[in-house]
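*Asks:* Got a structure for you, questions after.
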Amino acid sequence: MIDLHCHILPAIDDGAETVSDSIDLLCEEQKQGVDSIVFTPHFNFERTNLHDFCLAREHSMQSLNKALTQRNIDISVKLGAEVYFSVRMLDEDIEPLCFGDTNYILVEFPVNSRPYGLSRTMEDLIRRGYIPILAHVERYPYFSENVNELYDLVMKGCLAQVNAGAIIKSHASSLIMKYIKWEMVHIISTDCHSIKKRPPNMQEAFSIIDKRLGSNYKEWLIKNSIDVFNGRYIDMPVIKKPRKFLGKWI
């Protein structure tokens with residue numbers, strides 16, 4: 001399996017604080033069956049200079065690489081970022097924020113309100129050749145209250161990611177299963193931050209998907225992450241638009 005969203009790089013955001021913390025998280029990822037990872041530390045255009053962020057990320061990666069070599073930990077990694085939504089994305093060189101040498105970029109939205117310019121910004125990014133991955137879509141009430149908001153973004157060419165922890169514990173688990181069944185969610189990732197508070201939990205999440213939806217959905221989701229990691233396009237289906245019936249989305 002591949003984890004496309006995590007906060008394992010040490011001392012760069014609210015994730016792993018030390019190299020030792022990072023090693024613990026990586027060892028747990030391997031136990032879960034993860035052998036490839038994209039490191040996605042938080043980045044915010046309004047708070048951080050892009051050049052400074054890239055330097056800090058590289059420094060963090062170098063310190064981790066030394067420990068990986070010493071511990072003989074073999075895991076494939078790429079650098080990326082979890083980019084907080086801003087219309088400034090259209091004015092900046094965002095290539096350094098993409099997953100390694102791919103054109104995939106992870107975008108986080110504000111939780112409380114739908115941001116101004118969301119659809120236009122995503123459309124423009126796609127027009128420029130980038131593929132936005134919408135981070136932890138289960139968190140945004142403006143998607144759960146109106147599922148067609150997410151549907152429209154997916155039909156424009158965005159991918160949607162859900163956190164493994166939300167599948168295991170969240171009250172939104174039943175809606176997430178609908179998202180997956182409708183093929184409106186394409187990627188499961190850990191978004192792990194620490195062993196104690198937000199640990200890697202991919203194995204348990206995929207076990208639940210397997211039991212509730214079947215192995216075909218599980219294998220489809222795993223394949224999607226493999227394709228993204230390797231910079232390949234996902235063959236997106238033409239999906240049916242959800243509708244509300246008796247107060248429920250079907």
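The values are calculated or read from the model by the stated rules, or taken from the named source; none is laboratory data. Nothing here was measured: the structure is a model prediction, and the numbers come from that model. Cβ atoms come from the backbone with ideal geometry, glycine included; neighbour counts cover every protein chain shown. SASA here: full protein model, heavy atoms, side chains in, ligands and nucleic acids out. Shrake-Rupley method; radii C 1.70, N 1.55, O 1.52, S 1.80 Å.
*Asks:* Please work out if Ser119 is on the phi < 0 side of the Ramachandran plot, open to solvent by less than 70 Å² (accessible area, probe 1.4 Å), over 19 Å from the mean Cα position of the chain (by Cα) and not hydrophobic (A, V, I, L, M, F, W, C).
*Replies:* Judged against the criteria, Ser119 is not a match.
*Asks:* Which pairs have Cβ atoms under 6 Å, sit 6 or more apart or on different chains, and link a residue in the stretch 191-207 that is farther than 25 Å from Lys223 by Cβ to one that is part of a helix (DSSP H, G or I)?
*Replies:* Ile195/Asp24
*Asks:* Could you run through the stretch 37-60 and say how many residues are among the hydrophobic types (A, V, I, L, M, F, W, C) and touching a strand residue (DSSP E or B) at 6+ places or on another chain (Cβ under 6 Å)?
*Replies:* 5
*Asks:* Something else: Kindly check whether there is at least one residue in the stretch 81-96 that is on the phi > 0 side of the Ramachandran plot, touching a residue at least 12 places away in the same chain (Cβ under 8 Å) and in contact with a Lys or Arg (Cβ under 9 Å, 6 or more places away or on another chain).
*Replies:* Scanning the stretch 81-96 turns up no residue that is on the phi > 0 side of the Ramachandran plot, touching a residue at least 12 places away in the same chain (Cβ under 8 Å) and in contact with a Lys or Arg (Cβ under 9 Å, 6 or more places away or on another chain).
*Asks:* Would it be correct to say that Ala135 is touching a helix residue (DSSP H, G or I) at 6+ places or on another chain (Cβ under 7 Å), closer than 17 Å to His5 by Cβ and either of a type outside the set (S, T, N, Q) or crowded, with 17+ Cβ neighbours inside 10 Å (or both)?
*Replies:* No.
*Asks:* So, one more: Report yes if Tyr84 is open to solvent by 70 Å² or more (accessible area, probe 1.4 Å) and closer than 20 Å to Asp191 by Cα, otherwise no.
*Replies:* Yes, satisfied.
*Asks:* Right, something else. Kindly provide the set of residues from the stretch 1-21 that are assigned to a helix (DSSP H, G or I) and under 20 Å from Glu82 (Cβ atoms), ordered by number.
*Replies:* Asp21
*Asks:* Restricted to the stretch 123-138, and to residues that are out of contact with any strand residue (DSSP E or B) (no Cβ under 6 Å at 6 or more places or on another chain) and part of a loop (DSSP other than H, G, I, E, B), which residue is farthest from Ile195 (Cα to Cα)?
*Replies:* Arg128
*Asks:* Every residue in the stretch 29-51 that is open to solvent by less than 30 Å² (accessible area, probe 1.4 Å) and under 18 Å from Ala11 (Cβ atoms), please.
*Replies:* Ile37, Phe39, Thr40, Pro41, Phe43, Asn44
*Asks:* Right, here's the next one. Can you find a residue in the stretch 155-174 that is on the phi > 0 side of the Ramachandran plot and touching a strand residue (DSSP E or B) at 6+ places or on another chain (Cβ under 9 Å)?
*Replies:* Yes, the stretch 155-174 contains a residue that is on the phi > 0 side of the Ramachandran plot and touching a strand residue (DSSP E or B) at 6+ places or on another chain (Cβ under 9 Å).
*Asks:* Also, I was wondering about something else. Do any residues in the stretch 171-182 that are over 19 Å from Ile222 (Cβ atoms) have Cβ atoms under 7 Å from those of residues that are polar (S, T, N, Q) and open to solvent by 20 Å² or more (accessible area, probe 1.4 Å), where the two are at least six apart or on different chains, and which pairs are they?
*Replies:* From the stretch 171-182, the pairs are Ala172/Ser144; Leu175/Ser144.
*Asks:* For the stretch 9-20, what are the residues that are under 13 Å from Cys192 (Cα atoms), crowded, with 18+ Cβ neighbours inside 10 Å and out of contact with any strand residue (DSSP E or B) (no Cβ under 6 Å at 6 or more places or on another chain)?
*Replies:* If the condition is that a residue be under 13 Å from Cys192 (Cα atoms), crowded, with 18+ Cβ neighbours inside 10 Å and out of contact with any strand residue (DSSP E or B) (no Cβ under 6 Å at 6 or more places or on another chain), then Pro10, Gly15, Ala16 are the ones that fit.
*Asks:* Of everything in the stretch 122-143, what is more than 18 Å from the chain's Cα centre (by Cα) and of a type in the set (Asp, Glu)? Give them in sequence order.
*Replies:* Across the stretch 122-143, the qualifying residues are Glu123, Asp124.
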